[in-house]
1. Suppose R0 equals 25 Å; then what is the FRET efficiency for Asp134 and Lys113 from their Cβ-Cβ distance, rounded to the nearest 0.05?
2. What order do you get for 69-77, 240-248, 99-107 when each peptide is scored by the mean count of other beta carbon atoms within 10 Å, highest first?
3. Between beta-carbons, use under 12 Å as the cut-off and find the net charge around Tyr115, counting Lys and Arg +1, Asp and Glu -1.
4. Between Gln229 and Ser337, with labels modelled 7 Å along Cα→Cβ, what's the label distance in nm to one decimal, could you check?
5. I want the local charge near Val293. Using Cβ-Cβ distances under 14 Å, sum +1 for each Lys or Arg and -1 for each Asp or Glu among the other residues.
6. Kindly flag which residue pairs out of Lys131/Lys186; Lys87/Lys251; Lys212/Lys409 have an alpha-carbon separation exceeding 25 Å in this structure.
7. Can you give me the long-range amide H partners of Arg92? Hydrogens built in the peptide plane at 1.01 Å from N, cutoff under 5 Å, separation of 5 or more residues or another chain.
8. DSSP loop GluC sites (Glu not before Pro) in region 186-292 with at most 15 other Cβ atoms within 10 Å of their Cβ, which ones?
Amino acid sequence: MSEKDDKDLQETGSDRKGIDRRDILQGMATLPVLGLFGYAVHKQVSYENAQVAQTLGTAQASNLKEVNVALLGAGAQGQVLLDAMLKCPNVRFRAVCDIWTDYNLKKVVNILKKYNFNVNGYEDYREMLDKEKDIDAVVIATPDFWHSQHAVDCLKAGKHVYCEKEMSNTLEGARQMVLTARETGKFLQIGHQRRSNPRYKYCYNKLIKEAKLLGRIVTVNGQWNRAVQPDLGYPKRYEIPADKLKQYGFKNMEQFRNWRWYKGLGGGPIVDLGSHQIDIYNWFLEANPVAVVASGGNDYYSPETREWYDTAMVVYEYETPQGRARAYYQTQTTNSSLGYFERFMGDQGTLVISESDANYANAIYREVTAPAWDEWVQKGYVTAPKVVEVKEEKTVLDVRESVSPDEHKIPVEFADLYHRPHLLNFFNTVRGLEKLNCPSEVGYESAVTVLKVNEAIQAGRRLEFRPEEFEVS
Ligand SMILES: NC(=O)c1ccc[n+]([C@@H]2O[C@H](COP(=O)([O-])OP(=O)(O)OC[C@H]3O[C@@H](n4cnc5c(N)ncnc54)[C@H](O)[C@@H]3O)[C@@H](O)[C@H]2O)c1
């Protein structure tokens, strides 16, 4: 498989981040012999142990029980997760399953072999479950419309499951996943990885809950804007035959590569991108919404090839424990202005947070009318405010103009692969050391919240949520 083939894929359409799989492959290609490779692996393992020791205590880190893992879905995100899992201690890869056998499957099996994991590759996940009896956990990164069937069958086969978001493209599919996890008693973690991100956890636990720096949150806004992107391609010589594509639910190679834009397969940008951030709205507001209004459409791309809306502008209404709140969210795919972030606005302060610190301050601002935050600065909860130079010559035109609030930084550095803490939380739960940060019930609430947006756009009117819609019984 050549580098050109890789370029042909134009892997730009998903919300994946972290180390690019091309980096992995290029890294592999430059390692001359196994000796150097062994050294790299040794260095990596030492780093992992140090990281885990930090969170679990040294004694436990060295004794972590081995978890036997299979990867189901070895595409763009499967490879991002693989990269993060290779940096989780005592994870033993046993098998990989992917229907693109000559391409993604082969590639990932080869990567794992280079890491000394003698994995078996499968096209059919049922055969994998039949033959690989020693697997403890399956990590699922197939297209959304496969999640429910894959997760349910893996749980029924006695495996713990980490399943990527969106939990399912249908609520019935998501409901079956919750019920099966309950019936089997197996763990089911949904891949909303911000739930395990130390910065998000810190903001919720320390700044919002304990120090109450935002006061009462009344409004929220957030976005994921991205630039115009071409359809994902594929190397012609690795084209999957039409009858095989059909067997797995795809009309042709174009749809197979760009499934997230098709009705019945994915949910479009609001589901693909928005679900991560809208999940945080529910978490930080400690409530599920009571209603939603949304406007959106096929404003830019042809609905022939991109069936779902390329633009969505959404307002949720919440009744939170503190009172009413409204939360705006937008995603559009024609201009990347200001990237992606979430902003929580309370009567005492504003929190601006993003998974990425490339563009975002990850800062908290005190309202000028709020009590001083000296105590929290002294305790190290937030940094001292940035000093803003006041230019004396500036003419004050209107005495009613608001003074800018003080900017404080959030003192949590997160220089890790985005998905690693969430995967570690999953593996440690399987080991009996932690509790899931995003169990299926939470994933379900998030799916109910997000999937309703497409419905609201189609309906062209305000839709209400009944509290029981968020429950699975
Ligand atoms: N958490 C995140 O930040 C994040 C980021 C990107 C994608 N995702 C999620 O990850 C999942 C995969 O997305 P992607 O971008 O990797 O898509 P992709 O199209 O690049 O990869 C999907 C892979 O699944 C394989 N596949 C399809 N049907 C299969 C089946 N029935 N059995 C076995 N293999 C099958 C395909 O051959 C392909 O290799 C999606 O659910 C997506 O929403 C999550």
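Bear in mind that the values in this text are calculations on the coordinates, not laboratory data. Here the structure is a predicted model, which means the values were calculated and not measured. Cβ sites come from the backbone with ideal geometry, for glycine too, and all protein chains shown count toward neighbours.
1. Values: r = 18 Å, r/R0 = 0.73.
The formula returns an efficiency of 0.85 here.
2. Ranked by mean Cβ neighbours within 10 Å, highest first: 69-77, 99-107, 240-248.
3. Numbers: positive: Lys87, Arg92, Lys113, Lys114; negative: Asp83.
Neighbour charge sum, excluding Tyr115 itself: +3.
4. It works out to 2.1 nm between the two label points.
5. Working: positive: Arg326, Lys452, Arg461, Arg462; negative: Glu317, Glu455, Glu464.
Overall, the nearby charge balance is +1.
6. Details: Lys131/Lys186 20 Å; Lys87/Lys251 37 Å; Lys212/Lys409 16 Å.
With Cα atoms farther than 25 Å apart: Lys87/Lys251.
7. Val67, Asn68, Val69
8. Details: sites: Glu210, Glu239, Glu254, Glu286; in loops: Glu239, Glu286.
For GluC sites (Glu not before Pro) across region 186-292 that sit outside H, G, I, E and B with at most 15 neighbouring Cβ atoms in 10 Å, the list reads Glu239, Glu286.
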